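See structure below.
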C-alpha cells in the first residue's frame, strides 16, 4: 500500500466529490428556481387561491315581515326558539354532560342515542343539537346551569308564529321548507339556507317577496374544516316588510266562532266603501304553525281526510249555487231591461210550466199576484221564473258580471276561483247542447249552472248596497290604522258606478229591507232590532242534489232526515246600516250546518251578529280602545 | 522512492478535542435548529405546546449525542462500522417480523424511554459500512464486480426491508445515498449506466410492490390538480401556501393556509411550506443558504481529512443530509412526488433529529481526527 496509490485514490475522490457537489448545487438551484416561480411569478394567483380558501361568504337570513290586522294586531310574527347544542370537544365527558342535561330537561333514550350517534359522525368541534324547539322554561333551566354543563350552549333561532292559529289561517296562509320547484323558480340565495321558510299559501305566499326581505352577508374566515374562525366583514340585510291587512281580528274571531259552530261554513265581511275585507272566514281552519317545521304524517292524513276539508279556503275557492240570493240580481237585470217594471205583477199559483217541465215555488199554495218587491221579500220562485224567462239568460249573465259574479275579483290570495255565470255561448261550447228555456228558469232562482263564491256574493251585495263596482282588497297599502293620525282613514273609494238606474236599486234594496225587517220576510227572525244598525239581506238555499220531482211534490225534505252531505247549503247576503250601507256580509253554511237549516234559519243569524258587531266597532272609521286581546304571547320582533 | 509513513496518530486529549471541535458548524446547526423551533411554535398557533418545547428538549439531547459522537475517536467508529450496521439491520428485520405478526405497518421499536425508528438509523449505518468497505478497496480494483457485490447488498437489504414497511422516502434515500457512495468511491460511470438501465427495466416489477397510496401519490404528482380534494389535496394546498407567501411572506404566525389547517402535516413533512408561506421567498432562500453552508462544511471536512474512511464517511453524511433537504423541499413544492421525508433539524420528530445530529457528530469526529491515518485494512486502528 503506497502513498502514491493513496494519493491517487484521494484525487479520484476529490474529483468525484466536486462533480457530486456540482450536481447537488444544480438540484438546489432547481428548487430555488421553482420557489421563485411559485412565490414571485405566480404569487398573485396563489394569493387569490389562498383567500378563496379561507374566506367564505355566509348569508344572514333577514327576519320575515309580520302580518298584522288593520289595527296592528300580529297575525303572523316571529317567535324566538331555543335549542341546546353540545360541542363534544368542549365537553370532556359527553356521557356525564348528557346525564346532567337530562336532570334538567328529560331526554328520552332515543334522543340520547341520536345525540351520541351525531357526535360520532361529526368532527368534535361541530355543535350537535341536543334538543330543538325548547320551551322558555327548559331554556332557562339550562342557561342557569351552563357552568356545570361543559360544552352545552343555547342557540337562538326564529320560528314563524301564528298567534291566532286556525282563526285566520286561510287568509294568512303558512310557510314551509323550500321545495325543489321553489328553488328552480328563483335565484334568491336565501332559499338555499337550510332553515329558510317560504310562503306556501295565503298572504304568506302572495306577498312572500315583500315579507321575505333581502339577505345580509357575513364574510367569515374559515379553516379547512369549514369552522368559522372569525368574522371579517358584515353587511346587514333588509328585514322583511310588514304587511297590514284590512282584517279586524275581533270580527274575524266572531265570524270564525260562529262558522265553526256550524261545521263547514264561510263568511265574508267587507267595507263596501273601500272594498277592504274585514273578515274572511272558512271553517274549519287549520293551524298554520303545523306547517312550519313540516307536518307529521298523522296531522297531514287528518287534514286531507277530514270531510269538512279544512285546507280549502271556501270563502274564495268554494263555489255554490247562489240559490235565492241570486234573485235580487235577476230583479236588477229584469228592471234594467225595461221588460219588467217595479209594478209588474206575475201570478204565482205555486208552480210554473214550460212545455212538459214543471217548476215549483217553495210555497206550495203559491203567492198569488206578486210584484218585484214582495217577490224578493218572500223569495217567490215563480215570479223569478217569469222574470228570467222574460229577460233571457244573456241579460242576466251580463248583469251578474257587472255585479262581480263570475268574474275575477283580483283578491290578493292564491287559489281564488271565479265561479260560473252561464251564457248560451258557454253552454254550447262546453256541453255541445243548445241553451234551453228551462235552463234560464233554473238560473232565475240561482240554481242550474250558476255557481258563485262567498267572496263574490259579498262583492255582489256590496254593489247592490252602494251602486258602485266595489272590488275587494285584503292588504292595506297605507299600513295599519293608528289611533292618532289617520284614525278615520277615509279612502276615497273611487269605484265606478255599476250603471243601473238608482230607482231600480231602491226597489231591490226595499225588497231586501223587507226580507229582514218585515213580518213574513224570509229572515224576519234574524232582524236587528236597533233601527240604527238594521240590515237588509236576502236568504238563499242551494240544492246540492237534484231532488227528484216526486220528492218535491211531497214537499221539500229538509232537516236531519237526509244525509248531511246531501242537504242543501244555507246562504245569506246582507248589508247595513240601512240608511247608508257600509258593512256587507255574505255567509254560506254548507249543508245547512249542524241543524240542517235553511239560509234564513242558519246563515242569517251569523251575518246579523257579525254585522251588528261591525257596526258597533265601526272599524272602518275608528280604532277601538281595545283592538283585540290576542291569545298567547305575541312576538314583537 | 516512496516516503514511508506511519499509520495511526496521536491520541488527543479531551480538552484538545473540544477546542478543535468545529464550532462554526455547531453554531450553524444551532441557528437551523432555532428556525425549526420557531416554525413549530408558529405551527401551534403561537404556543410552545405541543411541539416547540419538546423539539427544543430533543434538540438539546441530540446536541449532546452529537458532541459525544464527535469526541469519540474515529478509529472506534471504523471498528464498529459493520457491527453498527448489523445491529440496525437486525432491528429492521425485527420491525418487519413484528409488523407481519401484528397488525399493519409498524416502523417503531419502543424502548420505553424513546421510540427508535431503525430505518432512520440505517441511513447512518449504511454510510458507515460503505465507508469502511470502500476504504478497503484499492483504486485499481474498484471496478471489479466482486468488490461491488457486498456494498450493493449493504444498500439493497435495508432498502427492500424499508420499502416493505412501506417507506418509499427512506428507501429512496438509501438507494440514492448508496449510489452516491459508489460514485465517490470511483465506480466506473458505465457501470452506473448498466445499473440505471437495469433499474428502469425493474420499474414495472417494482410498481407491483407499491401500495395503492404510493401509486396514488405518483399519479397525483403527475397531475395534481386532477383531484384537488382527494389525493392531490396535500400537494395543491402546499403550493397554494408557498405561492401565496410571495416574496416577503405573510409574517411570523400569520400564515393563513397553515393556521387554518388547509396545510396537512404542517409540523412534520410540510414544515418548509409553512416557512415559505410565512417568510416568503427570502426566508426560504435564506434557509436553503444555511443548508448549503452546512454542505460546504461537510465537503471541507472531507477534503481536510487525511484518511479515506473519514473522507467517504464525511461525504456520505453530507450527501445524506442533502438528500433530506432536497427530497423534502422538492416534494413540498411539487417537483417530485410526496414521499414522506422530513426536513432535517426543522421537522418535528425525534428519531430523524437524533439521526441527523448523530451524523453531524460523526462528521465532526472526522474533522477532529482529520490527521489520523487509517490503512486499507484498518492499519492504525490498533
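So, in region B:321-355, how many residues would count as being outside any loop (DSSP other than H, G, I, E, B) and either within 14 Å of another protein chain (Cβ to nearest Cβ) or out of contact with any helix residue (DSSP H, G or I) (no Cβ under 8 Å at 6 or more places or on another chain) (or both)?
So the answer is 12.
Within region B:253-273, track down each residue that is modelled with pLDDT of 90 or more and either more than 30 Å from residue B:22 (Cβ to Cβ) or touching a strand residue (DSSP E or B) at 6+ places or on another chain (Cβ under 6 Å) (or both).
B:270, B:273
Those residues that are assigned to a loop (DSSP other than H, G, I, E, B) and surrounded by 14 or more Cβ atoms within 10 Å (Cβ to Cβ), I need them from region A:327-364; list them, please.
Listed by number, the residues that qualify are A:339, A:340, A:342, A:344, A:345, A:350, A:361, A:362, A:363.
Looking only at region B:332-367, count how many residues are over 16 Å from the mean Cα position of the chain (by Cα) and over 29 Å from residue B:20 (Cα atoms).
The total comes to 7.
Please tell me if residue A:233 is surrounded by fewer than 20 Cβ atoms within 10 Å (Cβ to Cβ), part of a helix (DSSP H, G or I) and more than 14 Å from every other protein chain (Cβ to nearest Cβ).
no
Inspect region A:421-434 for any residue being assigned by TED's automatic domain parsing to the domain that holds residue A:383 and in contact (Cβ under 8 Å) with a residue 40 or more places away in the chain and give the result as yes or no.
Checking region A:421-434: not a single residue is assigned by TED's automatic domain parsing to the domain that holds residue A:383 and in contact (Cβ under 8 Å) with a residue 40 or more places away in the chain.
When region A:263-274 is examined, which residues are found to be crowded, with 24+ Cβ neighbours inside 10 Å and either out of contact with any helix residue (DSSP H, G or I) (no Cβ under 6 Å at 6 or more places or on another chain) or under 20 Å from residue A:580 (Cβ atoms) (or both)?
A:269, A:270, A:271, A:272
Given the condition away from chain A (no Cβ under 14 Å), more than 28 Å from residue B:79 (Cβ to Cβ) and crowded, with 17+ Cβ neighbours inside 10 Å, answer yes or no: does some residue in region B:147-163 qualify?
Yes, there is a match, as at least one residue in region B:147-163 is away from chain A (no Cβ under 14 Å), more than 28 Å from residue B:79 (Cβ to Cβ) and crowded, with 17+ Cβ neighbours inside 10 Å.
Against the definition (in contact (Cβ under 8 Å) with a residue 40 or more places away in the chain, in a loop (DSSP other than H, G, I, E, B) and either more than 9 Å from chain A (Cβ to nearest Cβ) or surrounded by 24 or more Cβ atoms within 10 Å (Cβ to Cβ) (or both)), how does residue B:272 come out, yes or no?
no
Could you list, in sequence order, all residues of region B:233-269 that are within 9 Å of chain A (Cβ to nearest Cβ) and not in a loop (DSSP other than H, G, I, E, B)?
Hits for region B:233-269 are B:236, B:237, B:239, B:240, B:241, B:242, B:243, B:244, B:245, B:256, B:257, B:259.
Exactly one of these conditions fails for residue B:370: (1) assigned to a loop (DSSP other than H, G, I, E, B); (2) within 14 Å of chain A (Cβ to nearest Cβ); (3) surrounded by fewer than 24 Cβ atoms within 10 Å (Cβ to Cβ); (4) within 18 Å of the chain's Cα centre (by Cα). Give me its number.
The single condition residue B:370 does not satisfy is (4).
Filter region A:34-61 down to residues that are in contact (Cβ under 8 Å) with a residue 24 or more places away in the chain and more than 7 Å from chain B (Cβ to nearest Cβ) and give me whichever is nearest to the chain's Cα centre (by Cα).
Here the answer is A:61.
Restricting to region B:307-320, name every residue that is at the interface with chain A (Cβ under 10 Å from one of its Cβ atoms) and under 20 Å from residue B:80 (Cα atoms).
Hits for region B:307-320 are B:307, B:308, B:311, B:312, B:314, B:315.
Going by what's in this entry, would residue A:80 be described as modelled with pLDDT under 90, more than 14 Å from chain B (Cβ to nearest Cβ) and part of a loop (DSSP other than H, G, I, E, B)?
no
Looking at (1) surrounded by fewer than 22 Cβ atoms within 10 Å (Cβ to Cβ); (2) over 16 Å from the mean Cα position of the chain (by Cα), can you tell me which one residue A:253 breaks?
Here residue A:253 clears every test but (2).
Is it true that some residue in region A:1-18 is over 30 Å from residue A:163 (Cα atoms), in a helix (DSSP H, G or I) and touching a strand residue (DSSP E or B) at 6+ places or on another chain (Cβ under 6 Å)? Steps first, answer last, please.
Going through region A:1-18, the residues over 30 Å from residue A:163 (Cα atoms) turn out to be A:1-18.
From what is left, the residues that are in a helix (DSSP H, G or I) are A:3-18.
Keeping just the survivors that are touching a strand residue (DSSP E or B) at 6+ places or on another chain (Cβ under 6 Å) gives none.
The answer is no; no qualifying residue exists.
Need at least 2 residues that are buried (at least 19 other Cβ atoms within 10 Å of the Cβ) per element, so show me which helices (runs of 4 or more DSSP H) inside region A:365-464 make the cut, counting only ones lying wholly within it.
Here the list reads A:372-378, A:381-391, A:393-402, A:437-444.
Do we find a residue being in a helix (DSSP H, G or I), assigned by TED's automatic domain parsing to the domain that holds residue A:419 and over 30 Å from residue A:449 (Cβ atoms) anywhere in region A:269-285?
The answer is no; no qualifying residue exists.
For region B:277-298: of the residues being crowded, with 21+ Cβ neighbours inside 10 Å and either at the interface with chain A (Cβ under 9 Å from one of its Cβ atoms) or touching a strand residue (DSSP E or B) at 6+ places or on another chain (Cβ under 7 Å) (or both), which is nearest to residue B:378 (Cα to Cα)?
B:291
The values are calculated or read from the model by the stated rules, or taken from the named source; none is laboratory data. None of these values were measured; they are calculated from a predicted model. Quick reminder, even Gly has a Cβ in these numbers, built from the backbone with ideal geometry, and neighbours come from all protein chains shown.
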